[in-house]
Amino acid sequence: MSKVLIVDDDPANVELLRRYLEDSVDEIRCVTESRLVERAFADFEPDLILLDLHMPDPDGLELLRRLRGARLSMGFVPVIVITADLGHVARNSALILGADEFMTKPFDRAEVVLRVRNLLRTRHLYVELVRANEILRRRADEG
């Protein structure tokens with residue numbers, strides 16, 4: 001099962017991304033108010049986040065900071081930052097704060113689907129590896 005959290009203060013962008021992904025992922029939750037993102041993350045426990053960079057307070061960079069601990073506690077939860085900002089400072093800041101990918105608006109449907117698919121595959125491999133390691137650890141403890 002794959003769950004994606006879409007965060008953008010522009011409802012049109014949220015709807016566009018939701019439509020792009022609705023046939024590729026199992027469940028999508030959308031948030032247009034950045035102050036609600038931390039709660040949505042905790043409740044939904046997504047496998048991937050699409051996060052707009054420039055939003056009212058807190059902005060995408062601040063949300064990356066705030067979600068760092070929660071993302072680590074769940075293991076590898078990739079974040080794709082989405083923005084119309086073409087500057088290197090925005091991209092580098094997002095990557096420094098833990099973003100895994102960076103996409104600029106306007107979106108290319110195929111690119112969105114492919115990047116999400118690739119990162120979800122990596123997330124699922126990570127989860128399987130954690131499970132396999134836990135099984136091996138239990139076997140070692142029993143033996």
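The values are calculated or read from the model by the stated rules, or taken from the named source; none is laboratory data. Bear in mind the structure is a predicted one, so any value in this text is a computation, not a measurement. Here Cβ is always computed from backbone atoms with ideal geometry, including for glycine, and neighbour counts include all displayed protein chains.
Listing for the model above:
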item: Index of the failed condition, A42 passing every other in (1) outside any loop (DSSP other than H, G, I, E, B); (2) under 23 Å from R117 (Cβ atoms); result: (2)
item: Qualifying residues in the stretch 1-39 (those that are of a type in the set (V, I, T) and part of a loop (DSSP other than H, G, I, E, B)) - the one farthest from T83 (Cα to Cα); result: V25
item: Every residue from the stretch 95-143 that is among the β-branched types (V, I, T) and either touching a residue at least 40 places away in the same chain (Cβ under 8 Å) or surrounded by 13 or more Cβ atoms within 10 Å (Cβ to Cβ) (or both); result: T104, V112, V113, V116, T122, V127, V130
item: Every pair of residues 6+ apart whose Cβ atoms lie under 7 Å, when the first sits in the stretch 1-28 and is within 20 Å of L63 (Cβ to Cβ) while the second is surrounded by 15 or more Cβ atoms within 10 Å (Cβ to Cβ) and hydroxyl-bearing (S, T, Y); result: V7/S34; D8/T32; D9/T32; D9/S34; P11/T32; V14/T32
item: Per-region count, the stretch 90-143, residues β-branched (V, I, T) and more than 16 Å from the chain's Cα centre (by Cα); result: 2
item: Candidates E22, E27, E15 - the one that is among the acidic types (D, E), farther than 16 Å from H54 by Cβ and touching a strand residue (DSSP E or B) at 6+ places or on another chain (Cβ under 6 Å); result: E27
item: Filtered residue count, the stretch 63-80, keeping only those that are touching a residue at least 24 places away in the same chain (Cβ under 8 Å), of a type outside the set (K, R) and either over 17 Å from E45 (Cβ atoms) or not in a loop (DSSP other than H, G, I, E, B) (or both); result: 6
item: Residue in the stretch 107-118 that is over 19 Å from S2 (Cα atoms) and in a helix (DSSP H, G or I) present; result: no
item: Test: residue in the stretch 63-83 that is in contact with a His (Cβ under 9 Å, 6 or more places away or on another chain) and at pLDDT 90 or above; result: yes
item: Every residue from the stretch 41-60 that is buried (at least 18 other Cβ atoms within 10 Å of the Cβ) and either over 10 Å from the mean Cα position of the chain (by Cα) or closer than 23 Å to V130 by Cβ (or both); result: F41, P46, D47, L48, I49, D52, L53, M55, G60
